[in-house]
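> If you scroll down you'll find the structure; I have some questions about it.
The values are calculated or read from the model by the stated rules, or taken from the named source; none is laboratory data. A quick note: this is a predicted structure, and the numbers were derived from the prediction, not measured. Cβ: placed from backbone, ideal geometry, glycine included. Neighbour counts: every protein chain shown. The accessibility values were calculated without ligands, DNA or RNA, using every heavy atom of the protein model including side chains. Shrake-Rupley method; radii C 1.70, N 1.55, O 1.52, S 1.80 Å.
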Amino acid sequence: QVQLVESGGGLVQTGGSLRLSCAASGRTYSSYSLGWFRQAPGKEREFVAAIKWSGTLRTYADSVKGRFTISGDNAKNTVYLQMNSLKPEDTAVYYCAASPGILPRRTDAYDYWGQGTQVTVSS
């Protein structure tokens, strides 16, 4: 079992920045990928970014490329999502998730999920 706890969400103005954290505990495997997803009201959960837990491989959705950066601190078992140049369309609940796959983008490839943290970007 892997437990994931997100933090760092909040209210920010357009153009602002936030850093989300995802603390992992339990049986964290170095072969796992950690991903960030988001879900806005009335919309499906969508992929944002993912990183290979043990290395530097990472991938991003086109909508956040160049604005968001995913990184990991293995010593702290924590993955971060640095979000810059935020837009109102980034407003959503952000979830982190763990998968045995290699940087998957499908939600059904992820076995473990956090509870989510709300990000609201005001215009």
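> How about segment 110-123: which of its residues are under 21 Å from Leu57 (Cα atoms) and either open to solvent by less than 30 Å² (accessible area, probe 1.4 Å) or among the basic types (Lys, Arg) (or both)?
If the condition is that a residue be under 21 Å from Leu57 (Cα atoms) and either open to solvent by less than 30 Å² (accessible area, probe 1.4 Å) or among the basic types (Lys, Arg) (or both), then Tyr110 is the only one that fits.
> Only one residue in Arg58, Arg19, Arg38 is closer than 14 Å to Trp113 by Cα and of a type in the set (Lys, Arg), so which one is that?
The match here is Arg38.
> Out of Ser30, Ser7, I need the residue that is open to solvent by 30 Å² or more (accessible area, probe 1.4 Å) and at pLDDT below 95. Which one?
Going through Ser30, Ser7 in turn, just one is open to solvent by 30 Å² or more (accessible area, probe 1.4 Å) and at pLDDT below 95: Ser30.
> List the pairs whose first member sits in segment 40-53 and is over 19 Å from Asn84 (Cβ atoms), whose second member is open to solvent by 10 Å² or more (accessible area, probe 1.4 Å) and aromatic (Phe, Trp, Tyr), and whose Cβ atoms are under 6 Å apart, counting only residues at least 6 apart or on separate chains?
Trp53/Tyr32
> I'd like to know if segment 73-86 contains one or more residues that are modelled with pLDDT under 95, open to solvent by 70 Å² or more (accessible area, probe 1.4 Å), more than 11 Å from the chain's Cα centre (by Cα) and among the polar types (S, T, N, Q).
yes
> Could you say which residue among Arg27, Arg58, Arg105, Arg19 is in contact (Cβ under 8 Å) with a residue 24 or more places away in the chain and over 13 Å from the mean Cα position of the chain (by Cα)?
Arg27 is the lone residue from the list that is in contact (Cβ under 8 Å) with a residue 24 or more places away in the chain and over 13 Å from the mean Cα position of the chain (by Cα).
> When you check Ala49 against the structure, is it modelled with pLDDT of 95 or more, under 20 Å from Leu11 (Cα atoms) and hydrophobic (A, V, I, L, M, F, W, C), yes or no?
For Ala49, the condition - modelled with pLDDT of 95 or more, under 20 Å from Leu11 (Cα atoms) and hydrophobic (A, V, I, L, M, F, W, C) - is not met.
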